[in-house]
1. Can you give me the long-range amide H partners of A:GLN107? Hydrogens built in the peptide plane at 1.01 Å from N, cutoff under 5 Å, separation of 5 or more residues or another chain.
2. Determine the dipole magnitude for the protein assembly as shown: charges of +1 sit on the beta-carbon of Lys and Arg, -1 on that of Asp and Glu, nothing else is charged, the reference point is the Cα centre, and the result goes in debye to the nearest 20.
3. Take the Cα radius of gyration of the protein assembly as shown and divide it by 2.2 N^0.38 Å, with N its residue count; two decimals is plenty.
4. With no solvent and one equal point scatterer placed on each C-alpha of region B:12-57, evaluate the Debye formula and give log10 I(q)/I(0) for q = 0.16, 0.20, 0.27 Å⁻¹, two decimals.
5. With the cut-off at 1.5 for a/c, could you classify region A:5-45 from its C-alpha gyration tensor as rounded, prolate or oblate?
6. Consider all pairwise Cα distances in chain A and report the whole-number % of them above 24 Å.
7. Under the rule that an exposed site lies in a DSSP loop and has at most 12 other Cβ atoms within 10 Å, name the longest stretch of chain A with no GluC sites (Glu not before Pro) of that kind, not counting the sites themselves.
8. Per residue of region A:58-63, in order, report the coupling 6.51 cos²θ - 1.76 cosθ + 1.60 (Karplus, θ = phi - 60°) as ³J(HN,Hα) in whole Hz, putting x for Gly and Pro.
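Values in this text are rule-based calculations from the coordinates and carry no lab data. As the structure is a prediction and not an experimental result, all values here were calculated from the model. So basically every Cβ, Gly included, is an ideal-geometry build from the backbone, and we count neighbours across all protein chains shown.
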Amino acid sequence: NAGVMQNPRHLVRRRGQEARLRCSPMKGHSHVYWYRQLPEEGLKFMVYLQKENIIDESGMPKERFSAEFPKEGPSILRIQQVVRGDSAAYFCASSSLQGATEAFFGQGTRLTVV
Amino acid sequence: EDKVVQSPLSLVVHEGDTVTLNCSYEVTNFRSLLWYKQEKKAPTFLFMLTSSGIEKKSGRLSSILDKKELFSILNITATQTGDSAVYLCAVEAGGTSYGKLTFGQGTILTVHP
């Protein structure tokens, strides 16, 4: 049973480009959470999704960021027109139940904007 | 706004020492408190605490929650170099925030041989 899979592990983008981060939850998990970890800071909640639904996006910046979790395929975190301040590690967690009780984290995607 | 504060921010010890990591929190509609270990990759789950005064143990690690004073501690006895990591504390609120974790800034533990 593979864990939460994120790809790519490392992503380098120039300012103004788009970044797409993928998260495949554990088998049987229908709840996905995205977190961002800025250098020297703790993880910050961004968005909580279930299949085809955004449940809570209170941590998402209002512009340039979007997330989806389609019926088929991985969850995608999309950052348009990246800026240097978007450089961070982005972690995804998944669970089979609503709530953090059984949430498992992926290895993260380290985004570097140059 | 929910808030989690961990102390100390960093700790350097020698193998065999015992360490205590602290986590205090303010959260509306508390549901659970979780501890994670992070070693340059995915945070790995250690403990989930929901009730006051009940100690959770796993090998040399143990944790307890005080819901009256709003804090938790994580103890590691007979530390080993493999315990070197960032230890993260997080709280989960219920209600409309169900499932969303608020993390502290972490405690960086370094264990020297």
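1. Under 5 Å from the amide H of A:GLN107: A:GLN6.
2. Numbers: 27 positive and 22 negative charges, 159 e Å.
Taking the Cα centre of the protein assembly as shown as origin, the dipole is about 760 debye.
3. Details: Rg = 17.6 Å, N = 227, 2.2 N^0.38 = 17.3 Å.
Working it through for the protein assembly as shown, the quotient is 1.02.
4. These q points yield log10 I(q)/I(0) values of -0.64, -0.93, -1.21.
5. It is oblate, given that a/c is not under 1.5 and a/b is not larger than b/c.
6. Summing the P(r) tail past 24 Å for chain A gives 18 percent.
7. A:73-114
8. 5, x, 7, x, 5, 10
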